[in-house]
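Only one structure is covered here, and it is reproduced in the block below.
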Amino acid sequence: MIKAVTGTKDILPSDINRWYYLENIVKEVFANFNYKEIRTPVFEETALFARGIGEGTDIVSKEMYTFLDRSETSITLKPEMTAAVVRAYIEHSLGTLQPLNKLFYISPMFRQERPQAGRFRQFHQFGAEAIGSTSPLLDAEMIEMSYNIFKQLGLKDLVVKINSLGVPQSREEYKNKLRDFLSDKKDKLTEESRKRFDKNILRIFDSKIESDQEIMKNAPLLIDYLDEESKNDFEIVKEYLTKVGIPFEVDSALVRGLDYYTKTTFEVISNKVGSQSALCGGGRYDLLIEELGGKPTPGVGFAAGMERILLACENENSFTLPDPSIDVYLIRIDKGLESTVAEIGSLLRSQKLSVEFDYLNRSTKAQMREANKLNAKYVLFIGGDEYSRGELLLKNMADGQQKIFKKDEINKIISEVK
RNA sequence: GUGAGCGUAGCUCAGUUGGUUAGAGCAUCUGGUUGUGGCCCAGAAGGCCGUGGGUUCAAAUCCCAUCGCUCACCCCA
């Protein structure tokens, strides 16, 4: 038997309504904040991600689905969306049409990681990008939108973490301070953290090992080394979040794994999804557009993992959807009336009613059981004595009441059902 | 890439110290008198016990390998 590739999942009809529910809330909230949807191809030239996300990042160096197409072009299935949106922004000169572009997306992403709870190789993200303004109010808006979406989904067990990474220059200065601090403690760190010392020193704060955490307790904090502008912007973000009633924690250890982040970064964590607890993450990327060949333009955005969010919703039992139902099930009493049933079905369907009937030549009883299983509001009996008298029998499945209609009075049946 | 756990019907799981035709619940299908659902009752269908090899008179059960799944590290959404 051929099975779905490792780390990929089918979304079956029994799951789809939860996805629609999520997607509708996402679209509503983005419309609420005047973000417009953008759709980009699932694959791009590999160079886009290498340059945008950073060669040294885990995503680029070991997780991308990269292959040569038949014309020997290196192609990569998109592992994240920001680089793709920025590419489209530059390519179509969106910045010349209006100074600020507020964009959102819902799309599959691909990363070849080891699957785990809340982590897949093909997964789905929604997210937003606001390109063209340095206003920290937009940073806060990103947090507000994601928070609103989670609230509307009924999620409760959430923590919003924010941090500021500052500008590259102040960050470099800070990294040197951190290196100095750790220079005589380096050999006490775990092997994993010693690797981080060279690769991405900020990450040592993330270590889950107690001995590492003990060492880092007295380490200098990035927050204390921010440049003035980053510091002011961060204050504005905090102030706004407080005003609109979004609880948050400042986490100076919050480091994002993509190279392009500057200033504000944030994550929303759920305690209900296992160890892959970040439901969404994002931040400002004021240098990325220039890096990718556009005019220097500031931007800020976030991305949210839809599988993780739905997992959190399931584990918190945060919402329940009504059972799907149909309006009318047509019951064929006599053999030979198949095409009559289909014709009546066509009439009802043309009036936007959801209608189903039997295609398997089953007994009346079996058809009734099917109608019940489909949660039909009404069944319409076609056949028997009534039919030979020119009549049809309509039964309300909730209360069992039956009414007789003339065969040529389908309109009356339709208004009864509606 | 590293580590741990688990693979028996569509799903959730039983399967006694290795011992005949491998079970249950749910789901599916068919019935329970002339043409009517849910509840109930009766019956049916559905498994090379993940795959390959080994030990044994005998393997779902023990051993090895392999594949797959799950969780964790890592990383991230």
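The table for this structure:
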item	result
Value of Rg/Rh across chain A [Cα atoms, Kirkwood radius]	1.13
Viscosity 1.306 mPa s, temperature 10 °C, Stokes-Einstein D of segment A:309-385 from Kirkwood C-alpha radius, µm²/s	114
5 angstrom amide H check on A:TYR378, placed H, neighbours 5+ away	A:VAL328, A:TYR329, A:MET397
Built amide H within the under 5 Å cut-off of A:LEU165, gap 5+	A:LYS263, A:THR264, A:THR265
Furthest towards positive pole of dipole, A:VAL167, A:GLY299, A:ASN24, structure part chain A, Cβ charges	A:ASN24
FRET efficiency, 1/(1 + (r/R0)^6) with R0 30 Å, evaluated for A:GLU55 and A:THR96 via beta carbons	0.50
Spin-label model distance (nm) - A:ASN396 vs A:LYS188, 7 Å beyond Cα toward Cβ	7.8
Whole-number D in µm² s⁻¹ for segment A:302-345, Kirkwood Cα-pair radius fed into Stokes-Einstein, 37 °C, 0.692 mPa s	223
Estimated FRET transfer efficiency when R0 is 25 angstrom, pair A:GLU210-A:THR6 (beta carbons, to 0.05)	0.15
Potential extension, A:GLU45-A:LEU221 segment - 0.36 nm per residue separation minus Cα distance	59.6 nm
Angle in degrees between helix A:364-373 and the longest Cα principal axis of chain A, rounded to the nearest 10	30
Surrounding net charge for A:LYS412, when Lys and Arg each add one and Asp and Glu each subtract one, Cβ distance under 14 Å	0
Karplus (6.51, -1.76, 1.60) ³J(HN,Hα), θ = phi - 60°, over segment A:157-164, in Hz, Gly and Pro reported as x	7, 10, 10, 9, 10, 10, 7, 10
With Cα atoms, 0 to 90° folded angle of helix A:168-183 axis to chain A main axis	70
Shape parameters for segment A:85-143, alpha-carbon atoms, Rg then Dmax in Å	14.9, 43
Paired Rg and Dmax values of segment A:364-407, which use every Cα atom, in angstrom	10.7, 30
Interchain or long-range residues, amide H under 5 Å from A:LEU279's placed H	A:VAL268, A:ILE269, A:SER270
Cut-off 12 Å (backbone N to label point 7 Å along Cα→Cβ of A:LYS177), residues of segment A:222-237	A:222-228
Convex hull volume of segment A:159-206 per residue (C-alpha atoms, cubic angstrom)	89
Rounded FRET efficiency, nearest 0.05, which uses the C-beta distance separating A:SER325 from A:ASP385 and R0 of 35 Å	0.75
Karplus-derived 3J(HN,Hα), 6.51/-1.76/1.60, for each residue of segment A:346-354, Hz, glycine and proline x	4, 4, 5, 5, 5, 9, 6, 8, 8
For segment A:1-155, fraction of C-alpha pairs farther apart than 23 Å, in %	47
Taking N as its residue count, the alpha carbon Rg of segment A:107-184 over 2.2 N^0.38 Å	1.55
Chain A, relative contact order in percent, only Cα pairs under 8 angstrom and at least six apart counted	15
Virtual paramagnetic centre 7 Å along Cα→Cβ of A:SER275, amide N under 20 Å, in segment A:1-34	A:7-8
Spatially proximal lysines relative to A:LYS177 (Cα-Cα < 21 Å; intrachain offsets below 8 disregarded)	A:LYS185, A:LYS186, A:LYS188, A:LYS195, A:LYS199, A:LYS217, A:LYS231, A:LYS263
Expected 222 nm ellipticity per residue - DSSP helices of 4 or more, -39500 (n - 2.57), all of chain A, to 500	-11500 deg cm²/dmol
Segment A:5-54 - Rg over Rh from alpha carbon coordinates, Kirkwood radius	1.11
In sequence order, calculated HN-Hα J values of segment A:230-238 (Karplus, 6.51, -1.76, 1.60; Hz; x Gly/Pro)	4, 5, 4, 4, 4, 4, 5, 4, 4
Fewest-first ranking of A:PHE205, A:PHE405, using other Cβ atoms within 10 Å as the exposure measure	A:PHE405, A:PHE205
Helix axis angle, A:306-316 relative to chain A longest principal axis, alpha carbon, degrees	70
Charge dipole of segment A:10-106 about the Cα centre (unit charges at C-beta), most positive-ward option of A:THR66, A:LEU94, A:GLY56	A:LEU94
Kirkwood hydrodynamic radius over Cα pairs of segment A:1-89, then Stokes diffusion coefficient at 25 °C and 0.890 mPa s, in µm²/s	155
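No lab work stands behind these numbers, since they all come straight from the coordinates. Bear in mind that the values here come from a model prediction, so they are computed numbers and not experimental data. Cβ: placed from backbone, ideal geometry, glycine included. Neighbour counts: every protein chain shown.
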